[in-house]
Amino acid sequence: MTDDAPANGTPEQPADGPPPPPPPPGSSAPETVIRPPASAIVTDPDDTDATATDDRGSAQPPPPPVGAGVPGPIEPGDPTRAARAGTTAGLVALGAGLLGAAVLIAAFRSRSGDDGLDWSNYGVGLGATAVLFVIAILGALAARRTGGRAREEVVTWPGVAGILATGLMIAVGIDRGDSWVAYLVGGVMVALAVIGYLAARRAAFVVVAILGLALVYGVAFDDVVADSLGDDHPQVITAVLVALFVVVVTLVGWALPSRAVSGVVVGAFGLVGILATLASFAVMRFLGGILDGFFGGMSSGFDAASDDGATFGWVSVSPGFREDDVWWVVVLGGILAVLWALAATVSGHSGFSVLAIAMPALGVPLASVALAAEHPTWWAAITATAGGVLLLGGVALARLRGRRVGPTG
């Protein structure tokens, strides 16, 4: 150790002495330059001869090379996907609606006269259909990454309207009631809907495909099965067909990302079908009661003995169906309600919950009318008790789930 380097302190400040005075104003203090370590120096990207290094350390892997398929950081000039369609959605919807109106007018006027097909109106319908498809195809050809929601709108609604217009124009152009026409229309709708779904991944195409399948399904049943079943139980057969179609489409559509939409749409179809069947029973019962009272009032004037000594008693009018048929339809509706409740549990979609509520809420009253229940109070009491038990069970499960999860926040 030398005198020039004291043991304590710095060369500028002795250990035992007072601190040095601050530098006078205006004077420039010496700047301390902090140099980064050599491992943190990054070379100029324009200098292709230099080797780039980073401060990751030897234990971390190097960054992925360009073009390896790994997404890198978004640069200011890179295209981005738009999350909202904006004004495009409104313009596309109105445009598709107006072109759809042109197709409907042309389809109605093309066969309004007795001179066959009016090619002027039919040509307008074909042109409007072609415009819908051209717009949808142009939207499909746009890049999926840059188009975003606006691209999906351009593909979806003109495509859906074009598919429906195609089916209508085929039916008007052929104008025959043969089964093969229905098969052709339904098959074309399903095929085009599949192509549209692959292009845009929108549930609207699934709905169109369901409509095409329903058309083919109904005609195929009428051609293949209807004659062998007879006409003894038409309502039960209708309910079985509706329930089977709903179950199959729901299960098949569950493999798609749009499972909730397809399930709810076909479920609405099933709900309307089952309720319409029960309503037909109720209407037949109501009309049977009116006719029964009418003929009963007439028969009261013939209670006296006739010439041959016979008397005319009460004239009974059958409602036109068996009560067992009503119960079969009720059972099928109950199966669908349970299926929708399970779907609501798994998917969490409120549409399934609405279907599960509507089926018993509307179906049970119609069944009680169709069966001419002698004690409707019992019907109300039983349904109220069953509903209360299920609600209490739901509340208990909700409380148990809350205890398992524990308080949040």
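The values are calculated or read from the model by the stated rules, or taken from the named source; none is laboratory data. Keep in mind it's a predicted model, so treat the numbers as computed, not measured. Note: ideal-geometry Cβ built from the backbone for every residue, glycine included; neighbour counts use all protein chains shown.
Residues checked against (1) surrounded by fewer than 22 Cβ atoms within 10 Å (Cβ to Cβ); (2) modelled with pLDDT under 95; (3) at positive phi:
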residue: 143; (1), (2), (3): yes, yes, no
residue: 147; (1), (2), (3): no, yes, no
residue: 156; (1), (2), (3): no, yes, no
residue: 163; (1), (2), (3): no, no, no
residue: 171; (1), (2), (3): yes, yes, no
residue: 188; (1), (2), (3): yes, no, no
residue: 191; (1), (2), (3): yes, no, no
residue: 196; (1), (2), (3): no, yes, no
residue: 201; (1), (2), (3): yes, yes, yes
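Residue-level check: of (1) modelled with pLDDT of 90 or more; (2) more than 27 Å from residue 362 (Cα to Cα), residue 226 misses just (1).
Screening region 259-274 for residues that are in contact with a Phe, Trp or Tyr (Cβ under 8 Å, 6 or more places away or on another chain) and in contact (Cβ under 8 Å) with a residue 60 or more places away in the chain and picking the one that is surrounded by the fewest Cβ atoms within 10 Å (Cβ to Cβ) gives 260.
Of all residues in region 385-406, none that is without any contact (Cβ under 8 Å) to a residue 40 or more places away in the chain has its Cβ atom under 6 Å from the Cβ atom of a residue that is exposed (fewer than 10 other Cβ atoms within 10 Å of the Cβ) and outside any helix (DSSP H, G or I), 6 or more apart or on another chain. Filter region 138-195 for residues that are assigned to a helix (DSSP H, G or I) and of a type in the set (D, E, K, R) and give the result. If the condition is that a residue be assigned to a helix (DSSP H, G or I) and of a type in the set (D, E, K, R), then 144, 145, 149, 151, 152, 153 are the ones that fit.
Kindly evaluate residue 131 against the criterion of being of a type in the set (Val, Ile, Thr) and in contact (Cβ under 8 Å) with a residue 40 or more places away in the chain. Spelling it out, it is not the case that residue 131 is of a type in the set (Val, Ile, Thr) and in contact (Cβ under 8 Å) with a residue 40 or more places away in the chain.
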